[in-house]
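The values are calculated or read from the model by the stated rules, or taken from the named source; none is laboratory data. Please read all numbers here as calculations on a predicted model, not as lab measurements. With ideal geometry, Cβ positions are generated from the backbone for all residues, glycine too; neighbour counts draw on all protein chains shown.
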Amino acid sequence: MINPEEMAKLADPDFLANYLAGLPQPGPGHGGHPAVSVREDSYKGHRIVIKTTYEMTVDGKPLPIHVSLSNDGSAHVHGLPNYQFLSVVDLVRALIEFFPNEFPAEGPPADEYGGHGEPGGHGTHNAGGS
């Protein structure tokens, strides 16, 4: 049985961050490709497979994590195994919150949508037409 002091130590987010930082990092061939999550289900004798691809960046730098999605759409990541997120955006926000040393501040962002004034960062050319 784990004593209360040891339990408190193991529950400390800094302990988890240091532990994860000490794990072997993927080689150069693993960080440059998008994260793929595969969900499978069967319904009335049919096999359903949904592959979702995420290419994530924070401050313009790739975020090489493996995201898993449940059939209800909630997101999970190995770095925070006891957490379930309603969206991948919430998941990335939590990574920034729990692992601030991995995301050093480089000045304020241009705006909420990466400097282009709307979601997706595509400006008005995303609306079709011109």
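For the stretch 81-98, the set of residues classified as free of Cβ contacts under 8 Å to residues at least 24 places away in the same chain and not aromatic (Phe, Trp, Tyr) consists of 81, 82, 84, 86, 87, 89, 90, 93, 94, 97, listed by residue number.
The number of residues in the stretch 96-123 being in contact with a strand residue (DSSP E or B) (Cβ under 8 Å, 6 or more places away or on another chain) and modelled with pLDDT under 90 comes to 1. Of all residues in the stretch 47-66, those that are in contact (Cβ under 8 Å) with a residue 12 or more places away in the chain have Cβ atoms under 6 Å from Cβ atoms of residues that are among the β-branched types (Val, Ile, Thr) and surrounded by 14 or more Cβ atoms within 10 Å (Cβ to Cβ), 6 or more apart or on another chain, in 54/67; 65/77. Of the listed requirements (1) at pLDDT below 80; (2) touching a helix residue (DSSP H, G or I) at 6+ places or on another chain (Cβ under 9 Å); (3) in a loop (DSSP other than H, G, I, E, B), residue 65 misses just one: (1). For the stretch 80-95, indicate whether the set of residues that are in a loop (DSSP other than H, G, I, E, B), among the charged types (D, E, K, R) and modelled with pLDDT of 85 or more is non-empty. The answer is no, given that none of the residues of the stretch 80-95 is in a loop (DSSP other than H, G, I, E, B), among the charged types (D, E, K, R) and modelled with pLDDT of 85 or more. Hey, does the stretch 39-51 have a residue that's modelled with pLDDT of 85 or more, surrounded by 10 or more Cβ atoms within 10 Å (Cβ to Cβ), aliphatic (A, V, I, L, M) and closer than 22 Å to residue 84 by Cα? Within the stretch 39-51 (the criterion being modelled with pLDDT of 85 or more, surrounded by 10 or more Cβ atoms within 10 Å (Cβ to Cβ), aliphatic (A, V, I, L, M) and closer than 22 Å to residue 84 by Cα), the answer is yes, since at least one residue qualifies.
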